[in-house]
There are 2 protein chains.
Amino acid sequence: MAQKVTPRSEDYSRWYTDVIQMADVADYSPVKGCMVIKPYGYTLWEHVKEGLDRRFKETGHVNAYFPLFIPLSFIQKESEHVEGFSPELAIVTVGGGKELEEPLVVRPTSETIIGHMYAKWIQSYRDLPVLINQWANVVRWEMRTRLFLRTTEFLWQEGHTAHATKEEAEAETMQMLEVYRDFAVNDAAIPVIEGRKSESEKFAGAVNSYAIEAMMGDRKALQAGTSHFLGQNFAKAFDIQYLDETNELQYVWTTSWGVSTRMVGAVVMVHGDDLGLILPPKLAPIQVVIVPIWMNDEQRDDVLAVVEPLENKLGEHVRVELDAREGYSPGWKFNDWEMRGVPLRVEVGPRDLKNDQVVLARRDVAGRERKITVPLGSAVERVVGMLDEIQTGLYNRALDFRESHTYDPKDYDEFREAVAHGFARAWWCGDADCETAIKDETKATIRCIPLEQPSGQGRCIYCSEVAEEMALFAQAY
Amino acid sequence: MAQKVTPRSEDYSRWYTDVIQMADVADYSPVKGCMVIKPYGYTLWEHVKEGLDRRFKETGHVNAYFPLFIPLSFIQKESEHVEGFSPELAIVTVGGGKELEEPLVVRPTSETIIGHMYAKWIQSYRDLPVLINQWANVVRWEMRTRLFLRTTEFLWQEGHTAHATKEEAEAETMQMLEVYRDFAVNDAAIPVIEGRKSESEKFAGAVNSYAIEAMMGDRKALQAGTSHFLGQNFAKAFDIQYLDETNELQYVWTTSWGVSTRMVGAVVMVHGDDLGLILPPKLAPIQVVIVPIWMNDEQRDDVLAVVEPLENKLGEHVRVELDAREGYSPGWKFNDWEMRGVPLRVEVGPRDLKNDQVVLARRDVAGRERKITVPLGSAVERVVGMLDEIQTGLYNRALDFRESHTYDPKDYDEFREAVAHGFARAWWCGDADCETAIKDETKATIRCIPLEQPSGQGRCIYCSEVAEEMALFAQAY
């Protein structure tokens, strides 16, 4: 841990992989494109899971589990779906020592197999809505991979719901987008823009795809969650029909929505700095670390006599760790926990004992301001309050950063400049040709057509034709 | 839900699959040998996970995640391991549209890939012990499958630990066996016998395997959890070495241990009856169901005015559901919830309102004794107390059942009779030939050599040679 990460300003991409490896978040595996999520990173993911799972259950969803393997013929039933996913499939051709009659696809997503089951389970309007989520691993064969952001195998949740009416399914799609926004903002401290995907960026098989988009520390965009209104596309492909109240056979309307381990990458990129990770308290595996300071055995005993009860008291409110390791200097420990992004450090040394005080050091603030001294007696209360402050502070800082790098270019020249340095809001005529030309010329894509729109019309930033909607453009991961 | 399950006495195996399907625990999938775990069954599994995960964390373990795919060459590195697992492998040969250079195995278990990573992570005695668990799906190509008990894909947890000394690794192996026993007894209400596996039944690659064995309702045995002492087998195969305190290079000692969705099958078979599931309160998705009874709208309003606040009050202590569905008779609802094994039912009708009382009906007791009337004011307290009683009652009933079907045969004739009807405790000389002969002649296998042994020696039940240990024999799933 004496190592230092590559500075962000020098090479952002190397900074990212350095931090992830040095902070023990994840490691490369011997399998191409697959990673190992180490305990520290997995605990972070467990907190992401808990935050999302709670929200899913509060909105009436239940978890289930569907098979990892999908018959190849299923993938081929929905025409856009097969086109989108075919190039990315991992295929099992041998099982139990024998060549399989029908190859099995390792699920890239589960609309098809779940569609097949829903056709069996749903008979009547009384069976609707079906509100199911699955926590699972999925596989998409990727050529260029990057830890958490794009890996051949990744972990995610995929919600799959079926409804009697179009309106209900659309409302569900938007509700889950809002659940993702709420999680990103309140738990991950990541400001996001909610919007609709353009035709060319939408999910293969969806009528409309929606996403939350976030700005990373290098001012590129990351799609951090998606919610799809699938219309009756999968219902028709898999024959999911129900008898309505007038005894007529109707196709259901379905949705799907997902957030993946990519969210961990977003947390790293939005909050981290050149010292390592900075974790929002709500997701941090360890929220507070106590580092005792001593020069000799007597001091050691005196300090431990204070910090051990303090650890217990803090433990009733927060996730705390006491770092009483021998053979490491306090300075080494400070660096170690800073690398791991622990939001708050409590330092207690012999001088603090004398003064009946402790020092609190915030991970999210640089320089002298990061440290304050508080009476031992109010340490618990101050720690809890400061964690709230850090959570809010991280969000506000990320929001400021995004806002100061989001532009409203007046013409295409300004636009090119804007997307080279951040996000650009611009009118778009809706024509895929303009979208493609912009991408070819600037590498920027339409991240989304934000739900929040100005009134009136404008002129397309590329072709100057009349445009009804503004789009958010950016280079993206 | 007007359907009835096949009686256990008529066809136990059909009873089992009937109950699982009619109680919405799981369903067959279109993929051979794979099942779908439905929301009700998955919630049960979530409670199993929580009960185990809490115990793992209390004993110092952390979760991580390793890749689904394992290079085929890894499986071949440990000679016993490859022999044991080769016939069961699912193999990916195509990825991203291309034939792979090295085929990838879909993990049947993860000792090999984790061994590879541990070799990279472990350098010094300071890095030990490594105490990691993984919640994951695994695939073993099975010819004859059965819901939950033997499926091609299943969910499980696999713990993988590495230690500096043999003694520590052995202690870990036994500690996790004890964790499994504690979970089975206290959460699943399933009495189990802890013991060592014979050479022929142990895990492929282990020095010693231990298991908890339970008796199902048809008096067959089910292995419900295993803990393996792997010695230095995988350390040597994957070169996992550390520098000890004297700066010498040493191989680590490893363990692995697992419990799977099989545990759900065990819960069904140990507790269920001809009306359906009976779930131990600690694992039940719904612990208490309130069924209001009314004949007309006025009564309906009166009854709901009482049961709705009751649901809220109960909800502070237990997992409760109010079944206020219209269009279903109380009798139909009783059957429906009995099928799903909800431990306790609260009935409230107009007559109960008058008398300021509610009726509690236990799922685990048959006949008139199952119902008692309690004052509305003490309903919450009585419900909580009765759930404890049901939890204990289920365990005791299962223990009685096992004890009354466990025999100590005096000779081989009695032994044959015994294993046709239950468990047999018998001396065994340790010779694999006797074990095989017994299996061929009686279908009974050595489930384990119980940790608890009588003092002294005996004579092998098969060959009459001197025997040092008693073994537990039974027909098994």
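Tell me, what is the Rg over Rh of region A:345-477, with Rh the Kirkwood radius over Cα pairs?
1.30
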Review point. For region B:406-474, what is the per residue volume of the convex hull drawn over the alpha-carbon atoms, in cubic angstrom?
Key: 72 Å³
Point to revise | Using a 7 Å Cα-to-Cβ projection, B:PRO330 label spacings across copies, nm, ascending | key: 7.1
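First obtain the Kirkwood hydrodynamic radius of region A:12-271 from its Cα pairs, then insert it into the Stokes-Einstein equation at 25 °C and 0.890 mPa s, and state the resulting D in µm² per second as a whole number.
128 µm²/s
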Point to revise | Dimensions (Å) - region A:80-141, Cα atoms, principal axes, largest first | key: 44, 25, 24
Review point. Once label points are set 7 Å from the Cα along Cα→Cβ at both B:GLU99 and B:ARG144, what is their separation, rounded to one decimal in nm?
Key: 3.7 nm
Point to revise | For chain A: Kirkwood Rh in Å [reciprocal of mean 1/r, alpha carbons] | key: 24.6 Å
**Study point:** Additional length obtainable on full extension of the chain from B:GLU417 to B:SER404, 0.36 nm per residue less Cα span
**Key:** 3.2 nm
Exercise for review: Compute the Kirkwood hydrodynamic radius of region B:35-116, taking the inverse of the mean of 1/r over all pairs of distinct Cα atoms, and give it in Å to one decimal.
Suggested key: 15.4 Å
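Which value results for Rg/Rh of region A:131-243 when Rg is the Cα radius of gyration and Rh the Kirkwood radius based on the inverse mean 1/r?
0.98
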Review point. Per residue of A:34-42, how many C-beta atoms from partner chains lie within 10 Å of its own C-beta, taken as a mean?
Key: 6
Exercise for review: Please provide three numbers in whole Å: the alpha-carbon extents of region A:1-140 along the principal axes, with the largest listed first.
Suggested key: 62, 44, 31
Review point. If r is the Cβ-Cβ distance from A:ALA171 to B:SER73 and R0 is 51 Å, what FRET efficiency results, to the nearest 0.05?
Key: 0.50
Study note, to complete from the structure: Per the 1/(1 + (r/R0)^6) rule, R0 = 30 Å and r from the Cβ atoms of A:GLU468 and A:LYS236, FRET efficiency to 0.05 is 0.50
Point to revise | Label spacing, shortest first and in nm, from A:ASN186 to its equivalents in the remaining copies (7 angstrom along Cα→Cβ) | key: 3.3
Review point. To one decimal place, what orientation-averaged projected area in nm² is obtained for the convex hull of the Cα set of the protein assembly as shown?
Key: 45.1 nm²
Practice item. Have a look at the DSSP beta bridges in chain B and tell me what percent are antiparallel, nearest 5. Key: 85 percent
Exercise for review: List the equivalent ellipsoid semi-axes of region A:372-437 in whole Å, largest first, each obtained as the square root of 5λ for an eigenvalue λ of the Cα gyration tensor.
Suggested key: 46, 11, 7
Practice item. Determine, for each peptide in A:322-334, B:256-268, B:214-226, A:120-132, the mean count of other beta carbons within 10 angstrom over its residues, then list the peptides with the highest first. Key: B:256-268, B:214-226, A:120-132, A:322-334
Exercise for review: Throw me the Rg/Rh for region B:288-387, computed over C-alpha atoms with Kirkwood Rh, two decimals.
Suggested key: 0.92
**Study point:** Distances in nm from B:GLU83 to the matching label points in the other copies, shortest first (labels 7 Å along Cα to Cβ)
**Key:** 5.4
Check your understanding: Which distance in nm do the two modelled labels at B:ASP356 and A:ASN355 give, with both placed 7 Å along the Cα-to-Cβ direction?
Key -> 6.4 nm
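Every number in this text was worked out from the coordinates using simple rules, so none of it is lab data. Bear in mind the structure is a predicted one, so any value in this text is a computation, not a measurement. Note: ideal-geometry Cβ built from the backbone for every residue, glycine included; neighbour counts use all protein chains shown.
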